[in-house]
Amino acid sequence: MSAVVFARHAMTPAERLRDAGWVAFVGLILGIPLVGLTTVDVGGRLGVETRFGLLVAAVAAVFAGRLLLRWSIDQARNRKLARDQASTATAADRAHGAQKVVTVLGWVALGASIALPIFYSDNRYVVDTATTVLIYVMLGWGLNVVVGLAGLLDLGYVAFYAVGAYSYALLSTQFGWSFWEALPVSGALAATFGILLGYPILRLRGDYLAIVTLGFGEIIRIILVNWTEFSGGPNGISSIPRPSFFGLEFTRSAPEGSQTFAGFFGLDFSPMHRLIFLYYLILVLALLTHAFVSRLRKLPVGRAWEALREDEIACKAMGMNTTNIKLSAFAIGAMLGGFAGVFFAARQGFISPESFVFTESAIILAIVVLGGMGSQMGVVLAATLLVLIPEFGRNFAEYRMLLFGLAMVLIMVWKPGGLLAHREPTLRLNPLGKAASNKEAA
Amino acid sequence: MSKTPTSTLLSVRNLTMRFGGLTAIDDLSLEVPAGRITGIIGPNGAGKTTLFNCLTGFYKPTTGTLRLAHPSHGEMRLEALPSHRVARDAQVVRTFQNIRLFPKMTVLENLIVAQHNVLQRASKFSIAGLFSLPGYRQAEKNAIERAAMWLERLKLTHLADHAAGDLPYGIQRRIEIARALCVDPVLLCLDEPAAGLNPRESAELNELLLYLCGELGIAILLIEHDMSVVMNVSDHIGVISYGRKIAEGTPEQVKNDPQVIKAYLGEDEEEGEAAA
Amino acid sequence: MAYALQQLINGLTLGAMYGLIAIGYTMVYGIIGMINFAHGDIFMVSAFIAVTAFTILAAADVTSIPLALTFVLIVSIFFTSAYGWAVERTAYRPLRGSTRLAPLISAIGMSIFLQNAVQLTQGARVKPIPPVLEGGVVLWDAPGFTVQIGWSQMLIIVTTVVLMLAFTWMITQTPFGRQQRACEQDRTMASLLGVNVDRTISFTFMLGAALAAVAGVMVTVYYGVVDFFIGFLAGIKAFTAAVLGGIGSLPGAMLGGLLIGLIESFWAAYLWAEYKDVATFGILCLVLMLRPSGLLGRPEVEKV
């Protein structure tokens, strides 16, 4: 149906101009109240300020931008048409080819991420940003279980991230637990929260589920803000111990009876050691997550998640207990989010409810959907994009979230199925290649 | 076509299903013999699919009982079971009028998902699966073999690795039957399996149903509008109209039943009043 | 008792505003089955437009309150509807017929975009306007506590009631309402019968935005301050209201809005003010567990 509704022919130059003019006119209307006019504080009272120059510039920019956009869309379409006619490859062949490219890219990305700290060993900013990307990759992979595989729309994923982070923060500051002791416990705690949330809302349909999970995320945040004795309130929890490298601390001087990392390996102390260690730590955690989720996907439980996403009623008719399947998705997604939270707390050394607002959930969800539901590599791609877009925008810092929102809309409109929409089967009857060349299908 | 009498597999007693003021099934009683094909026919909106939904646990009947004489578990009351247990424990498996496959998954995956419970047990809460222990590997191999067997039987092998949703309608119907067979049914409930099939495909369906029932002894309950299918394969036919059973018998008997003809062809005003 | 009565009035006022916003959610959900996440921000935009309009009037020395209110309402409704239209056209229409999640992500992106656009163009600071409607009627001068209904509260409640009546009339009696309901029930069939589905959907968005604009003006009048972040919480609460009432149902949205408003003000007055949002969401969860399709939503028989 969409093909019929949105089929557009290539435009003539006159049509393009008219189209751009129309868009610019809409831009003008929309621009008048927000761009053309603003209120400013004049001696304690508001006064109106006009900015018609800015408005005209903005409308002109919209006009030019639309013209360019239409033109490039038509160009791209023509090129694609020509390519489709030239090549005789079937859809299956092309998907197969695309899958190969993705696999190669995956290995390249893995190599690059292992090598990155070696090349940037004295660039704090790059290592830090790469660590942030990996946190989001890990969160994306966790949420991918719930949304991408099981098809359960979760808008409150950040709650589990918060549970993990606060568990570690409290266990370490109050009871002196180490990172490695707290990690499994915090993960288990997050999983328990996943089940606690999941159980009462199993019956809910997609969008109701979305709003209840959103509410759950907000409830957790509000409790963290207000229950000061427990969570430190808006001030959060600070001086959370950093993880050590098998007992070796990343400090200039070690406390009595222990050694520092630099001292043990006979290196000069550098604050970069810790950053690079943290980077590799999250890389390992993320890769473990990846291995875990990829393996689960090929197990009965993973296939059941995907089947649940495709058709819940058919699942029941096949004798599947959809309650357990949903709960397992919630629990495992929550656990992975909890792990990421533990790492986050350990890396920052300080956490507050500020870090666990709805926007975070939205960003993680966007990573999953932009990446292509259920696609592990898509998550990597989308996480990298979404972390880097605001970073590139840092030069004009105040525009970064604006660009972020705009990018979300544009990518979605451009590729509604996500960047990597291809789904690789979990098992095959005929080995690859043979299946693709089998032309009996049509 | 005469067969030796067999025991009753499923007995529907005084089944009533109401939605608010609407009575979709009204005091319906029906026997489904083991190892036979039982056809259910009736005009659109007669309550056939509702009967299936009650049978497979998707609806809770307002009143009435559904007793299944399960060959290994003894008597089971289907109306008391949730839908997934009807399929898993009672092994009463259905297909859907508007095909419900897992469209993005491949045909093979669809058939493997149907064996979820067996595999899940073998994967020991996924632990054996995660480490790919021999027990799980064997179970997975068996499941694939079983799926391959049904694919072969239903001539679907060459499509095994295609996304199910991309395939033509007639083939999707067959996939759905293959998937249901992978659940290992005692009673297979088919909701209009011939809808949208061409005559050749219908003939193949006939052959398949006779094979399932004759060779494998699977009892089949069949809702169908395509008379070339129902009349040719059914051992016994029940006719439903407005939620009530109006006739029952062999295809021959049903074909000539005046009530059935009336329900299908309509009737004149006076006759209708006279009959009422 | 007097205190409770005052909370009732405050709660109804708050609820009326939530209800107005909730209608936008519920209508859009009814017709295209998506959560228009940017709706709360449309409401926020309308509040900023109202602030600008009030400031212009103040600069022009307009003192007649009815005249000022009418002007501000018209201006705000006009521009906000344009925003509603544009959001649908750019972010949602290209995604019609794709997966269910795609428009939701696009909507979240749009919400972030609008918030930041307003922050950039209008500033991040809170915008206060001088009080438009001061004073009110003392209802009950109980010992120790005076129950009062403010003029602005009265305005909000009366406007909402009038709008609801007009709205119900429009949906049930006019050709547009008929087309709207037709699209809601079966879009494909409606288009086959000659209903211009695209236009109907566009109009639905504009209508939702117009109601949000009214709410935006009311909030500006009632609270006198506006900032770029008000859309988020108001949006979520209004959506909660729509779900609570049964999404897709117009009276349900209003009922849900009123309930949320009442719960919030009573909870804040008698229990812990800081946990009032927890109460809102908690009750939402409870209602959905007991009645998964909301209070007035038609219970959905599982279609098999």
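The values are calculated or read from the model by the stated rules, or taken from the named source; none is laboratory data. Model, not experiment: these values are computed from the prediction. Cβ atoms come from the backbone with ideal geometry, glycine included; neighbour counts cover every protein chain shown.
So which of A:I276, A:I240 ends up being assigned to a loop (DSSP other than H, G, I, E, B), in contact (Cβ under 8 Å) with a residue 12 or more places away in the chain and under 28 Å from the mean Cα position of the chain (by Cα)?
Going through A:I276, A:I240 in turn, the sole match is A:I240.
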Qualifying residue in region A:316-338 (condition: away from chain B (no Cβ under 14 Å), closer than 20 Å to A:I114 by Cβ and within 22 Å of the chain's Cα centre (by Cα)): no
Failed item in (1) within 14 Å of another protein chain (Cβ to nearest Cβ); (2) more than 22 Å from B:R146 (Cβ to Cβ); (3) touching a residue at least 40 places away in the same chain (Cβ under 8 Å); (4) more than 18 Å from the chain's Cα centre (by Cα), with B:Y59 passing the rest: (4)
Output for region B:155-195, where each listed residue is surrounded by fewer than 19 Cβ atoms within 10 Å (Cβ to Cβ), in contact with a helix residue (DSSP H, G or I) (Cβ under 6 Å, 6 or more places away or on another chain) and within 23 Å of B:S234 (Cα to Cα): B:G170
Selection count, region A:154-171, where residues are touching a residue at least 40 places away in the same chain (Cβ under 8 Å) and surrounded by fewer than 24 Cβ atoms within 10 Å (Cβ to Cβ): 1
Test: residue in region B:16-29 that is in contact with a Leu (Cβ under 6 Å, 6 or more places away or on another chain), at pLDDT 90 or above and in the same structural domain as B:L208 (by TED's automatic domain parsing): no
Qualifying positions in region C:253-278 - over 18 Å from the mean Cα position of the chain (by Cα) and part of a helix (DSSP H, G or I): C:F266, C:W267, C:A268, C:A269, C:Y270, C:A273, C:E274, C:Y275, C:K276, C:V278
In region B:32-91, the residues that are under 18 Å from B:L15 (Cβ atoms), in a helix (DSSP H, G or I) and in contact with a Gly (Cβ under 6 Å, 6 or more places away or on another chain): B:K48, B:S83, B:V86
Within region A:19-72, tally of residues that are within 11 Å of chain C (Cβ to nearest Cβ), among the aromatic types (F, W, Y) and in contact with a helix residue (DSSP H, G or I) (Cβ under 7 Å, 6 or more places away or on another chain): 0
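Confirm whether C:A215 is away from chain A (no Cβ under 12 Å) and either in contact with a strand residue (DSSP E or B) (Cβ under 7 Å, 6 or more places away or on another chain) or assigned to a helix (DSSP H, G or I) (or both).
yes
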Elements of type helices (runs of 4 or more DSSP H) in region B:99-202, at least 2 residues being in contact with a strand residue (DSSP E or B) (Cβ under 6 Å, 6 or more places away or on another chain) and facing chain A (nearest Cβ under 9 Å): none
Close pairs (9 angstrom Cβ cut-off, 6 or more residues apart or separate chains): surrounded by fewer than 13 Cβ atoms within 10 Å (Cβ to Cβ) in region B:251-276, modelled with pLDDT under 50 anywhere: B:G266/B:G272
Test for C:I149: is it farther than 19 Å from C:G216 by Cα, at pLDDT below 85, within 24 Å of the chain's Cα centre (by Cα) and more than 7 Å from chain A (Cβ to nearest Cβ): yes
Near pairs, Cβ below 8 angstrom, 6+ apart or cross-chain, from region A:307-323 (touching a residue at least 40 places away in the same chain (Cβ under 8 Å)) to any residue that is β-branched (V, I, T): A:L308/A:T322; A:L308/A:I325
Candidates C:L67, C:L73, C:L57, C:L120 - the one that is in contact (Cβ under 8 Å) with a residue 12 or more places away in the chain, farther than 30 Å from C:T200 by Cα and either surrounded by fewer than 23 Cβ atoms within 10 Å (Cβ to Cβ) or of a type in the set (D, E, K, R) (or both): C:L57
Single residue of C:L233, C:L295 found to be surrounded by fewer than 21 Cβ atoms within 10 Å (Cβ to Cβ), assigned to a loop (DSSP other than H, G, I, E, B) and hydrophobic (A, V, I, L, M, F, W, C): C:L295
Residue tally, condition more than 7 Å from every other protein chain (Cβ to nearest Cβ) and not basic (K, R), over region C:91-105: 3
Hey, C:S106 among the small types (G, A, S) and under 23 Å from the mean Cα position of the chain (by Cα) or not: yes
Total residues in region A:289-306, condition within 9 Å of chain B (Cβ to nearest Cβ) and out of contact with any His (no Cβ under 8 Å at 6 or more places or on another chain): 8
Residue in region A:198-234 that is surrounded by the most Cβ atoms within 10 Å (Cβ to Cβ), counting only those that are at the interface with chain C (Cβ under 10 Å from one of its Cβ atoms) and outside any helix (DSSP H, G or I): A:L204
Selection count where residues are part of a helix (DSSP H, G or I) and within 7 Å of chain A (Cβ to nearest Cβ), scope region C:112-142: 8
Of residues in region A:29-88 being farther than 29 Å from C:S46 by Cα and basic (K, R), the one surrounded by the most Cβ atoms within 10 Å (Cβ to Cβ): A:R70
Search result, residues across region B:219-241 that are part of a helix (DSSP H, G or I), of a type outside the set (A, V, I, L, M) and either touching a strand residue (DSSP E or B) at 6+ places or on another chain (Cβ under 8 Å) or at pLDDT 90 or above (or both): none
Any chance B:N53 is within 17 Å of the chain's Cα centre (by Cα), over 20 Å from B:H236 (Cβ atoms) and not basic (K, R): yes
Within region A:48-66, considering residues that are within 17 Å of C:V118 (Cα to Cα) and not in a loop (DSSP other than H, G, I, E, B), the one nearest to the chain's Cα centre (by Cα): A:A58
Answer residue from region C:218-276, given it is under 27 Å from C:V118 (Cβ atoms) and hydroxyl-bearing (S, T, Y) and is farthest from the other protein chains (Cβ to nearest Cβ) among those: C:Y222
Meets criteria (β-branched (V, I, T), over 30 Å from A:L153 (Cβ atoms) and within 7 Å of chain A (Cβ to nearest Cβ)) for C:I108: no
Yes/no for C:F71 being farther than 12 Å from C:G216 by Cα and of a type in the set (A, V, I, L, M, F, W, C): yes
Any hit, region A:306-326, residues being under 25 Å from C:A102 (Cβ atoms) and polar (S, T, N, Q): yes
